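Comments concern the structure below.
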Amino acid sequence: MAAAAALPWSSAAPSNLLWNTSLAEFKQDLVDIKFGWGKLYVSTTAQAIFLDNNTGKVLESYELDDYGCYIWTSRASVIPLEQEDSAVEARNGYLEGFKGMNHNHSLWKTTPDFQCPFLDSVSSRAVVATNFTHYAFASTENGDMWTEQFCTYDNQATGNLYLIEPTTGKDTFALLTVWSDDNEGGVNTTMFNAVTGDVQWKNQSDIVTWFSYEPVNDVLIENNLPSILRARDWRDWNKAPLWSLDVSTANFGAYTVDDSGRLIVFDDGSGGVEAYDVKTAKQEWKVNGHVLLNTKSANIVTGSEYFYHVYSIDDGQDYLDVVVEKRKLDGGTDVWTHKNVAKVKYGWIHAQLSEDETVLYLWSTIDASWVSAFDVR
């Protein structure tokens, strides 16, 4: 589906807008954005685009090898690496690490062939990728890769991969969840060593589950939609959960854990935000939102002192107003609220805070024709 014409605002742009870049000329939906080396690494369904993060200027863009490989994925096709000014890209048949913004300076290419890969996640040690039947792990040092099959084309399945890298030790682990499109066979979850492929444990359930790993506290957060969050010891599934919460949120991903170990959750029922100690699940505070109902796609982005609650309001209009609340991490006290930050067609708004915590970037992955940066000091 081609991107709609840019419509960030119905009237004057907000006074704290630093820049707004339209991506309508690329005529494809924006899939994902990653940040690094002074650039925004933008993946659409058919292109890789590089933006300057200070000005929003398009620095480079090019078509991906095979449009058909990317059209139905929400995963990135290009992600920055930790090596200086380098990135990895999913090409048709392989993954490639390269320096700069093109492939004139290739660092490595993976073998064997791996058709239509999607990038799931990248760390300092490994690149995790999937296609429609296999998952793969490649070394960010030399591109060495191994693959494993999780389904056949006759047994269509959906899979999610998560990297787990404890702050102590040098091992890299991965968590794979797979469920069939016809819901037969349940949901299969496997934890294994990403370097050797050795299986740590397996589990099967009837509920589709998403996960996130929190390295500061070394816990696995299990998200059973629509409302249950659990914390687990990722090393042993058979251990009882550390805690379980019914957080009344129907929005996957509408929670985060800050650097101090505070779990912050969007409450889909009240439009508010709740905070818990991630080790004990004891509630620290709860605040109501400025808009109690009809909110879409809540995002919670944390800094060192403040967090930003970003969501859109569905009031029956063609375009939805985007709201940004700046609140203190300690107590949830409201600092400021902007209710007409932007407009989106379907409500799926995404956000990221700059490293110095002065700039908030907003974009949409469905009505994807613009990326904006705002001064949030």
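Return only the number of the condition from (1) modelled with pLDDT of 85 or more; (2) touching a strand residue (DSSP E or B) at 6+ places or on another chain (Cβ under 8 Å); (3) not in a strand (DSSP E or B) that Glu82 does not satisfy.
Failing condition for Glu82: (2).
Check Arg91, Arg75, Arg125 and return the single one that is in contact with a Ser or Thr (Cβ under 6 Å, 6 or more places away or on another chain), open to solvent by 20 Å² or more (accessible area, probe 1.4 Å), at negative phi and not hydrophobic (A, V, I, L, M, F, W, C).
Arg125
If the Cβ limit is 7 Å and pairs must be 6+ apart or interchain, which residue in the stretch 216-237 that is under 16 Å from Val187 (Cα atoms) pairs with which residue that is of a type in the set (Ser, Thr, Tyr) and not in a loop (DSSP other than H, G, I, E, B)?
As it stands, the answer is Glu222/Thr209; Asn223/Thr209; Asn224/Thr209, since those pairs meet every condition given.
Working only within the stretch 252-265, note down all residues that are buried (at least 19 other Cβ atoms within 10 Å of the Cβ) and at pLDDT below 85.
Ala254, Tyr255
Test of understanding: among Asp236, Asp268, Asp206, which residue is more than 24 Å from Gly303 (Cα to Cα), among the acidic types (Asp, Glu), modelled with pLDDT under 85 and open to solvent by 40 Å² or more (accessible area, probe 1.4 Å)?
Of Asp236, Asp268, Asp206, the one residue that is more than 24 Å from Gly303 (Cα to Cα), among the acidic types (Asp, Glu), modelled with pLDDT under 85 and open to solvent by 40 Å² or more (accessible area, probe 1.4 Å) is Asp206.
Take the stretch 35-57 and flag every residue that is hydrophobic (A, V, I, L, M, F, W, C) and either in a loop (DSSP other than H, G, I, E, B) or on the phi > 0 side of the Ramachandran plot (or both).
Hits for the stretch 35-57 are Trp37, Ala46.
Among the residues of the stretch 334-356 satisfying the criterion of being in contact with a Phe, Trp or Tyr (Cβ under 9 Å, 6 or more places away or on another chain), under 17 Å from Asp52 (Cα atoms) and not in a strand (DSSP E or B), which is least open to solvent (accessible area, probe 1.4 Å)?
Ser354
Could you go through the stretch 343-354 and let me know if any residue there is touching a strand residue (DSSP E or B) at 6+ places or on another chain (Cβ under 7 Å), under 19 Å from Trp19 (Cα atoms) and of a type in the set (Lys, Arg).
yes
I'd like to check something: does the stretch 128-142 contain any residue that is closer than 21 Å to Lys39 by Cα and in a strand (DSSP E or B)?
Within the stretch 128-142, none of the residues are closer than 21 Å to Lys39 by Cα and in a strand (DSSP E or B).
The values are calculated or read from the model by the stated rules, or taken from the named source; none is laboratory data. The structure presented is a predicted model; accordingly, all values stated were derived computationally and were not measured. In this analysis, Cβ positions are derived from the backbone assuming ideal geometry, glycine residues included, and neighbour counts consider all displayed protein chains. Areas reflect the complete protein model, heavy atoms only, side chains present, ligands, DNA and RNA absent. Shrake-Rupley method; radii C 1.70, N 1.55, O 1.52, S 1.80 Å.
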